[in-house]
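Please treat every number below as a calculation from the coordinates, not as lab data. A quick note: this is a predicted structure, and the numbers were derived from the prediction, not measured. In this analysis, Cβ positions are derived from the backbone assuming ideal geometry, glycine residues included, and neighbour counts consider all displayed protein chains.
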Ligand code: GDP
C-alpha cells in the first residue's frame, strides 16, 4: 500500500540499517518459492490456474489454459514482452496469498523438456508434485523427483483427478513409497472416486470436505462436516463412509503420521487428494505451502553460506531465455534473489566478468497486475535483460566475490553433429554455438580429434530451438545429423600422469572439450562407457557438472 511504501522509503533514507534489516527479515519470512512438477497431462497447468484463482491473482478460469494451447518454446516469451511481465503463461508467476508472497516456477512439460526443467528446480525452496491418480507414478515424475532429491527439496504431493476412476489410494501411496523412495504422510483422504467421489477427509483436522463439481471461481464455499463419526455422514452416503472408516484405520496403521521435520528434510511428503479441474483440494495445498513449506534458506556460495536476511544483495542466474525480441537478439536471464533487497536502478557486480552493471529495466512476474515491482527479496525471481554476456550459474552481488553452487549441467542423452550448408559461415557457426553453449541452450563438445562439433541435449526439442536460433540470430543454416555417440561423462583425475596416460590411450580419441573448457568422454554405447570406466579406475566419470 501507499502508506507502507512511504514508511519503507523513510526507513532507507533515515539510513537506519537496523530498520532496513528488519524490513528484509520480514519480507523474507513471508516468501515461498516453489516449483510445480509432474508428468505431462497430470494436471499441472490446471492446478497452476486454480492456485492463481484461489489467490485472487486471476479472476476467471481458462486464462492459463488458453495460453498453453498456442504455446511454443519461443512464443512463451513474446507473450511476456507483450504483457510486460505479467503473463501467466510465463514460467514464473508471483502472487500474494494470506499476506505471503508466493513465487511459482513452472517446469516445462514433455515436448519442452530440457535442461531448463532441471535447473529451475535449483531456484526453488520446495516443490509441488502433481500425480494423476488414475496413472500413479510416471516416467517424468521419477526424473523430476530425482532432481529434487539432489538438494533434498521438500515436496508436497497432490493426487489429482479423483472425479475420475482412479487407482486404489493405498496402492498409490505404496507406489510412491517404493518407486520414488519417499515416505508418504496422507493429510487428506478421498471418499469414493469417479462418479461416487464425495469429498476428502482431513486426517489431521478430523473433518470432511464435501465435493462439489465444477467450481470455476474460487469462492471457497466448501461444505465441511466435523468428525468422521458424525451421524450426518452415515445418512448422506453410508457405503462410502463405511469404506472410509476402514481405510482410515489402515492408513493410521500403515502410513506415517505427518512430521514437519521429515518433510523439511525431504524424506517425507504430505499427500493431498483432490480434483484440480473442480477446484477441489486446492486451498489445502496453498495452506500447506504457507504453513509447512520452508521460506528462502541459506545458500552455499563457495566461500561461505549466504543468509537470505543479509543486507547486501546477491543472487544467481538459473535460466536464460532467448528471442524475447528476435530483432534485437535479446535474452532474459532469470535470477533468483538469495539475499538483501533488490531495487530498480541499483548497481550490481557481475562476478564472473568482474564488471558492474546498472539494472534499470528489470522484468518481474506478477501474475495479477501490470505494476512494475520496484523491489525484490530472497526467494523472488527477477528477469535481467541480457545481451549475450550472462551464463547460467553466474552470480551477482553488491561487490563480494560469491559463487553460488549447485547449478548443475546434466550429461546429455541426445547427440547430433552440427554441419553447415554454406562453408563460408563456419565462423558464425562456431560463434553461435559457443554462445548458445555458454548460455546453456545446448551443450557443445569439440572432440579433441577431428573438426566436428557435437551437440548434446537432455531433450530433443533443444536441437530445434538451437537450429532456429542459429538461423535467426547468427544467419547460419545448420543441419544436425545423427552420431554414434550414446552418452557423455565429464572426467576428472587427481593423478595428472594417469590422466595423460588416459588421453594418450585409444580411449583418448573419444575425448572432447565442452563450451566451458571441461574435458568429457563421449561413449559410443553403454557397454563402451562401462568398459572404459573399468579399465581406468583412477579416472572419475561424472554425470553432472557444476557451473564453471
Ligand atoms: P499438464 O500437462 O500437466 O499441464 O495437464 P493439464 O492441466 O493440461 O491437464 C491435462 C488434462 O487433464 C486436461 O484435459 C485437463 O482438463 C484434465 N484435468 C486436469 N485436472 C483434472 C481433474 O481434476 N479431473 C479431470 N477429470 N480432468 C482433469
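Is segment 182-280 best put as rounded, prolate or oblate by its Cα gyration tensor, with a ≥ b ≥ c the root eigenvalues, rounded for a/c under 1.5, and otherwise prolate when a/b is larger than b/c, oblate when not? It comes out oblate by the Cα gyration axes. If the chain linking residue 287 and residue 29 were pulled fully straight, counting 0.36 nm for each residue of separation and taking away their Cα-Cα distance, it would gain 91.3 nm.
Straightening the chain between residue 207 and residue 500 buys 98.7 nm, computed as 0.36 nm per residue apart minus the Cα-Cα spacing.
A simple spin-label model places the labels of residue 99 and residue 181 4.2 nm from each other, with each point 7 Å out along Cα-to-Cβ. List the residues of segment 134-165 whose backbone N lies under 14 Å from a point placed 7 Å from the Cα of residue 250 along the Cα-to-Cβ direction. Inside the label zone: nothing. Among 35-46, 270-281, sorting by the average number of other beta carbon atoms lying within 10 angstrom of each residue, highest first, gives 270-281, 35-46. Given points 7 Å out from each Cα along the Cα-Cβ axis, report the residue 221 to residue 452 separation in nanometres with one decimal. Simple spin-label model gives 6.6 nm for this pair. Percentage of Cα-Cα pair distances in segment 129-173 greater than 16 Å, rounded to whole percent? Result: 40 percent of Cα pairs exceed 16 Å. Specify whether the C-alpha gyration tensor of segment 123-207 places it in the rounded, prolate or oblate class, a ≥ b ≥ c being the square roots of the eigenvalues: rounded for a/c under 1.5, otherwise prolate if a/b is larger than b/c and oblate if not. Because a/c hits 1.5 or more and a/b exceeds b/c, segment 123-207 counts as prolate. Across segment 371-525, the fraction of Cα-Cα pairs farther apart than 29 Å, rounded to a whole number, is 29%. As a rough footprinting exposure proxy, the listed residues 493, 184 were ranked by other beta carbons within 10 Å of their own, and the order from fewest upward is 493, 184. Legend: calculated FRET efficiency, residue 165 to residue 235, from the Cβ-Cβ distance at R0 = 35 Å, rounded to 0.05, equals 0.85. Annotation: extensible slack from residue 22 through residue 542 equals 182.9 nm (criterion: 0.36 nm per residue apart, minus Cα-Cα distance).
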